[in-house]
Amino acid sequence: MSNSDQGITKDRYMLIPRTAIFLRRGDEYLLIKGSPAKRLWAGKYNGIGGHVERGENILFSAQRELLEETGLLADLWLCGTVIVDAGEAGICLFVFCGDASRARGEIKAGEEGAVEWVKKEAVLYLPVVEDLPILLDRIHQMKRSDPPFSARSFYDTQGKLQVLFSE
């Protein structure tokens, strides 16, 4: 189908798909501290994840990113989606969770940074990407059987990050 048949116009998002993975162990989450050489989020803690490559589905992408960045394989499930307003384009963030007790492999650092277990409460005192505490608050109360959440993220006119969850 052509762009016009798809309804692609300048007033609609062109979305870039990405994944964010949160492996949980009790009240701790496996997070990545961005390498000092990273262009974005250098030295900041974030969830594991990255871009969905052409030809991948979102689950395969999340599993690939988890393996590349941590050395672990895990059974992941979709916790939610966040549409991030990034100007002319947008990000469609697919948020996955996993239980560390079922993970296989050995933790290793990758090119993106070092991974470490971080207590949920500690993210309030560490250098983190801005939406990390908000997302962790939401997924920390979720069970695997819960339906995925839906949210949108944007900066308001005062430059403050807003993450609005659909109820």
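Values in this text are rule-based calculations from the coordinates and carry no lab data. Here the structure is a predicted model, which is why all the values come from computation and not from measurement. Cβ coordinates were reconstructed from backbone atoms using ideal geometry, including for glycine residues, and neighbour counts include every protein chain displayed.
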Say the cut-off is 32 Å between C-alpha atoms; which of 10/119; 10/108; 38/160; 44/143 go over it?
10/119; 10/108
Relative to the first principal axis of the alpha-carbon coordinates of the chain, what is the inclination of helix 58-70, with its axis defined by its Cα atoms, in degrees from 0 to 90 and to the nearest 10?
40 degrees
Between residue 156 and residue 109, what is the label-point separation in nm under the 7 Å Cα-to-beta-carbon projection?
3.9 nm
Quick one: if you take sqrt(5λ) for each eigenvalue of the C-alpha gyration tensor of segment 27-143, what semi-axes come out, biggest first, whole angstrom?
19, 18, 16
Evaluate the charge dipole of the chain about its Cα centre and quote only its size in Debye, nearest 20, assuming +1 on the Cβ of each Lys and Arg and -1 on the Cβ of each Asp and Glu.
180 debye
Going by C-beta contacts inside 10 Å, put 48, 16, 58 in order with the fewest on the left.
16, 58, 48
Residue-span extension gain [residue 10 to residue 60] - 0.36 nm each, minus C-alpha spacing:
15.0 nm
Around residue 112 (Cβ within 14 Å, Cβ-to-Cβ, excluding residue 112; K/R +1, D/E -1) the net charge comes to +2
As a footprinting exposure proxy, order 160, 143, 108 by other Cβ within 10 Å, with the fewest listed first.
143, 160, 108
